[in-house]
Amino acid sequence: MSKKVRKAGITGVGSYVPKNILTNHDLEEMVETSDEWIKSRTGIEERRIADDDETTSDLAYKAARKALSNAELAAEDLDLILVATMTPDMPFPATACLLQDRLAAKQAAAFDLQAACSGFAYGLSVASQFIASRAYNNVLVVGAETISKILNWEDRNTCILFGDGAGAAVVQSLDSGGILANVLGADGSDSEVLKMPAGGSQKPASLTTVENNLHYMEMDGNSVFKFAVRIVDKVALEVLKKADLTPEDVDFFIPHQANIRIIEAAVKRLNLNEEEVFINLDKYGNTSAASIPIALDEALQAGRISMGDKVLTVGFGAGLTWGANIIEWSY
Ligand code: UT7
């Protein structure tokens, strides 16, 4: 067998969002906020919320099934399942293992990847290394979240921003095109600005942690905002350079769907046209690791990506983490 590095690419995409819609007007009844404030500061109009008994692996399963069918790949032929999530069904076992069982993907190794909102960008990069090295042929990368379950619904700084959903991509080897370059990064010195303080070894769950709301997400929105505005175009330029490309070569840009103002700042700095940028945060809010694959699926369904297009994705989030992929679309 040749030891030559192989090209890896996406050969099937699928997504799923829960049916329950929570609008900005609904939130006006829950916290001191307004539709006008949320729309003007974030671009979000509504988001999807999982049922009480609906788990991250439930959403992941539905997205994964669609991606596999799209790729015309049987689950039993998967070599690896990778679930990017910060809202796993439980701390362990990995949500990827629960998904592996639901899919009956008996040959597949399975693990979760925790890079918060950058999870899908990290996942695509990890998958492409396994394909390039010939360790595996068929990898399923899923970004799935039920953020609604870790939100403090009395905290208007966070509860207006997020939503639930899942997106999945099958990554396989290709003769040409595919994932041209990846860039990943992290800065743990800013880990304080976005976190869920309790439930780990630092603050194991207890009556006190629950009484103090430490099992919910906490965020210093301003600091995350400043970081995001700084990082998106920087990492975009970095990944393009790695692939010997410039922003003019980008046909389609899928940014992490966190805040319209963050996206607009990046688009301006990269000098991209508005029609080259995909935005669906108005409908779903920030779905963390699921945001890029959901957007990718919707962009494909809408016929906005064609064969040969250079598709740029950039994610950023807690950690702090960031990641970007440049993909030459090939299916
Ligand atoms: O995937 C990464 C996850 N995180 C993010 O992407 C978050 C990034 N950060 C952001 O998107 C923005 O910082 C926010 C949308 C969270 C906040 O927007 P902002 O323009 O930075 O607002 P701010 O925090 O500076 O607050 C402005 C005002 C404050 O009132 P005062 O002090 O000016 O009187 C806030 O108390 O808006 C108030 N405010 C709200 N008002 C109505 C904060 N949250 C709300 C709210 N509704 N939900």
Report summary line: For the range 1-39, the count of residues that are under 26 Å from residue 302 (Cα atoms) and within 13 Å of the ligand (Cβ to nearest atom) equals 2
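From 232, 210, grab the single residue that is outside any loop (DSSP other than H, G, I, E, B), more than 16 Å from the ligand (Cβ to nearest atom) and not assigned by TED's automatic domain parsing to the domain that holds residue 149. If you could, list the steps in order and put the result at the bottom.
Details: 232 fails: more than 16 Å from the ligand (Cβ to nearest atom).
Exactly one of 232, 210 is outside any loop (DSSP other than H, G, I, E, B), more than 16 Å from the ligand (Cβ to nearest atom) and not assigned by TED's automatic domain parsing to the domain that holds residue 149, namely 210.
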Query raised in the report: Quick check, is residue 44 within 16 Å of the ligand (Cβ to nearest atom) and within 26 Å of residue 169 (Cα to Cα)?
Result: yes
Report summary line: Of (1) over 22 Å from residue 82 (Cβ atoms); (2) at pLDDT 95 or above; (3) touching an Asp or Glu at 6+ places or on another chain (Cβ under 9 Å), residue 183 satisfies every one except (1)
Report task. For residues that are more than 17 Å from the chain's Cα centre (by Cα) and crowded, with 16+ Cβ neighbours inside 10 Å, scanning just the range 130-148, find the one that is nearest to residue 297 (Cα to Cα). Result -> 138
Requested in this report: May I ask you to list pairs of residues, at least six apart or on different chains, whose Cβ atoms are under 6 Å apart, with the first in the range 88-110 being free of Cβ contacts under 8 Å to residues at least 40 places away in the same chain and within 20 Å of residue 68 (Cα to Cα) and the second being of a type in the set (S, T, N, Q) and part of a helix (DSSP H, G or I)?
Outcome: 108/100; 110/100
Query raised in the report: When you go through (1) near the ligand (Cβ under 10 Å from one of its atoms); (2) over 20 Å from residue 57 (Cα atoms) one by one for residue 130, which number turns out not to apply?
Result: (1)
**Report entry** Odd one out for residue 54, checked against (1) closer than 16 Å to residue 14 by Cβ; (2) part of a loop (DSSP other than H, G, I, E, B); (3) in contact with a Pro (Cβ under 9 Å, 6 or more places away or on another chain)
**Finding:** (1)
Report summary line: Of the residues in the range 7-21, those that are among the basic types (Lys, Arg) and assigned to a strand (DSSP E or B) number 1
Query raised in the report: What's the number of the condition residue 155 fails, among (1) in the same structural domain as residue 61 (by TED's automatic domain parsing); (2) more than 15 Å from residue 87 (Cβ to Cβ); (3) in contact with a helix residue (DSSP H, G or I) (Cβ under 8 Å, 6 or more places away or on another chain); (4) within 16 Å of the ligand (Cβ to nearest atom)?
Result: (3)
Query raised in the report: Among the residues of the range 252-275, is any within 15 Å of the ligand (Cβ to nearest atom), part of a helix (DSSP H, G or I), among the acidic types (Asp, Glu) and free of Cβ contacts under 8 Å to residues at least 60 places away in the same chain?
Result: yes
**Report entry** Residue in the range 269-290 that is of a type outside the set (S, T, N, Q), closer than 24 Å to residue 148 by Cβ, in contact with a His (Cβ under 6 Å, 6 or more places away or on another chain) and not assigned by TED's automatic domain parsing to the domain that holds residue 142 present
**Finding:** no
Query raised in the report: Has the range 171-184 got any residue that is within 12 Å of the ligand (Cβ to nearest atom) and more than 18 Å from the chain's Cα centre (by Cα)?
Result: no
Query raised in the report: Residue check: is residue 67 touching a Gly at 6+ places or on another chain (Cβ under 8 Å), modelled with pLDDT of 95 or more and not in a loop (DSSP other than H, G, I, E, B)?
Result: yes
Requested in this report: Mind telling me which of the residues 161, 240 ends up being surrounded by 15 or more Cβ atoms within 10 Å (Cβ to Cβ) and more than 16 Å from the ligand (Cβ to nearest atom)?
Outcome: 240
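For the range 22-51, what are the residues that are within 22 Å of the chain's Cα centre (by Cα) and either assigned to a helix (DSSP H, G or I) or farther than 15 Å from residue 283 by Cα (or both)? Even if it seems obvious, please write down each step before you answer.
Of the range 22-51, the ones within 22 Å of the chain's Cα centre (by Cα) are 22-23, 38-39, 41-51.
Within the range 22-51, 38, 39, 41, 42, 51 qualify.
The values are calculated or read from the model by the stated rules, or taken from the named source; none is laboratory data. Nothing here was measured: the structure is a model prediction, and the numbers come from that model. When we count neighbours, we look across all protein chains shown, and the Cβ atoms used for this are built from the backbone with ideal geometry, even at glycine.
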